[in-house]
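For reference, the structure discussed in these notes is given below.
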Amino acid sequence: MSTFKINIIAGPLWSNDEAQKIGGRIAAAHLGKFTGEWKTIVEGQMSVIEVEYNTQPTGSTEYTMPVLAGPIWSNEDAKEICPSICASYGGTWNGQWKTVVEGKMSVCECTFRF
C-alpha cells in the first residue's frame with residue numbers, strides 16, 4: 001500500500017520536545033501517523049506537523065461525523081462538494097448534509113475508517 005504526507009496546522013509549537021509530545025495526538029485526530037517532522041510557519045503563532053497517510057483507509061471501525069464545508073445551496077451542490085470535503089479529511093461522504101448557519105456554513109456527513 002502506498003502512502004503520502006501532508007502538513008497539518010498544529011497551533012504554535014515552541015520546541016521540538018513539545019512537537020514530539022503532541023504531534024502523535026494531532027496526527028491521530030486526523031487518522032494519520034506523525035512523521036516527527038514539524039516547522040514554524042508564522043513565528044510565535046502557527047506551526048505545522050507532517051502527517052503520513054495510507055492511500056486507502058484501513059481498519060474495521062467506522063465513525064461518521066459532520067465536517068464543516070462552507071455554504072452548500074442544494075442537493076446537487078452537495079453532490080459536487082461533499083465527496084471532496086470528506087476526502088480532504090480522509091473520509092468518504094455518506095450522502096447526507098445540512099446547513100448549520102443559513103447562507104454561511106453547511107456540514108457534510110463523513111464516514112471514517114480506522
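The values are calculated or read from the model by the stated rules, or taken from the named source; none is laboratory data. Keep in mind the model is a prediction, meaning the values are calculated, not measured. Neighbour counts run over all protein chains shown; Cβ positions are idealised from the backbone, glycine included.
Values as computed for the structure displayed
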{"item": "Enumeration of residues in the stretch 96-110 that are assigned to a loop (DSSP other than H, G, I, E, B) and either under 30 Å from residue 3 (Cα atoms) or touching a residue at least 12 places away in the same chain (Cβ under 8 Å) (or both)", "result": "103, 104"}
{"item": "Some residue of the stretch 14-21 being within 13 Å of the chain's Cα centre (by Cα) and of a type outside the set (D, E, K, R)", "result": "no"}
{"item": "Unmet requirement for residue 75, which otherwise passes all of (1) without any contact (Cβ under 8 Å) to a residue 24 or more places away in the chain; (2) touching a His at 6+ places or on another chain (Cβ under 7 Å)", "result": "(2)"}
{"item": "Yes/no for residue 8 being surrounded by 13 or more Cβ atoms within 10 Å (Cβ to Cβ), of a type in the set (A, V, I, L, M, F, W, C) and in the same structural domain as residue 103 (by TED's automatic domain parsing)", "result": "no"}
{"item": "Residues that are surrounded by 17 or more Cβ atoms within 10 Å (Cβ to Cβ), among the hydrophobic types (A, V, I, L, M, F, W, C) and part of a loop (DSSP other than H, G, I, E, B), drawn from the stretch 11-53", "result": "13, 31"}
{"item": "Count - residues of the stretch 65-95 that are at pLDDT 95 or above, assigned to a strand (DSSP E or B) and surrounded by 14 or more Cβ atoms within 10 Å (Cβ to Cβ)", "result": "5"}
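Every residue, every condition in (1) small (Gly, Ala, Ser); (2) not assigned by TED's automatic domain parsing to the domain that holds residue 9, yes or no:
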position: 27; (1), (2): yes, no
position: 36; (1), (2): yes, no
position: 47; (1), (2): yes, no
position: 69; (1), (2): yes, yes
position: 77; (1), (2): no, yes
position: 81; (1), (2): no, yes
position: 84; (1), (2): yes, yes
position: 89; (1), (2): no, yes
